[in-house]
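First up is the structure itself, then whatever we jot down about it.
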Amino acid sequence: MLLSGSGRYSDPWHPFNETSEALAGLLRERALRVKVHGDVDGALASLSRAEAADLPALLVVNVGLPRDGGP
């Protein structure tokens, strides 16, 4: 699972879409299945509800600091 900066995790200085796709490409070259999530909070919430067998083997985080003062 790759979390990509968007919404409150984006900023004007980092091209998160491009860097996330580059990271996903590198992981796919190593025969890993990658799902990119732009809804960072939603993806993290889904992990907290997932059964152990459904958790990703790897979590890659490519985001900026939250821009709304939230945690």
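Of all GluC sites (Glu not before Pro) in the chain, which ones are in loop regions per DSSP and have a Cβ with at most 11 other Cβ atoms within 10 Å?
Details: sites: Glu18, Glu21, Glu29, Glu51; in loops: Glu51.
Within the chain, the qualifying GluC sites (Glu not before Pro) (loop, at most 11 other Cβ atoms within 10 Å) are Glu51.
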Could you do me a favour and compute the accessible area per residue for the chain, 1.4 Å probe, result in Å²?
69
Against the 2.2 N^0.38 Å scaling, with N counting residues, where does the chain land? I'd like the Cα-based Rg ratio to two decimal places.
1.14
For the chain, what is the charge dipole size about the Cα centre, in debye to the nearest 20, if Lys and Arg each add +1 at the Cβ and Asp and Glu each add -1 at the Cβ?
140
Can you list the residues, at least 5 places off or on another chain, whose amide H is less than 5 Å from the amide H of Val60, using H built in the peptide plane?
Leu2, Leu3
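Report in % the part of the accessible area of the chain that belongs to carbon and sulfur, leaving out ligands and nucleic acids; probe 1.4 Å.
Numbers: 2820 of 4900 Å².
Accessible surface attributable to carbon and sulfur in the chain totals 58 percent.
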What stretch of the chain, leaving out the sites themselves, is the longest with no trypsin sites (Lys or Arg not before Pro) in a DSSP loop having at most 16 other Cβ atoms within 10 Å?
36-66
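The values are calculated or read from the model by the stated rules, or taken from the named source; none is laboratory data. As the structure is a computational prediction, the values presented were derived from the model and not from experiment. Every residue, glycine as well, gets a Cβ built from its backbone with ideal geometry; the counts of neighbours run over all protein chains shown. Surface areas here come from the heavy atoms of the whole protein model, side chains and all, with no ligands, DNA or RNA. Shrake-Rupley method; radii C 1.70, N 1.55, O 1.52, S 1.80 Å.
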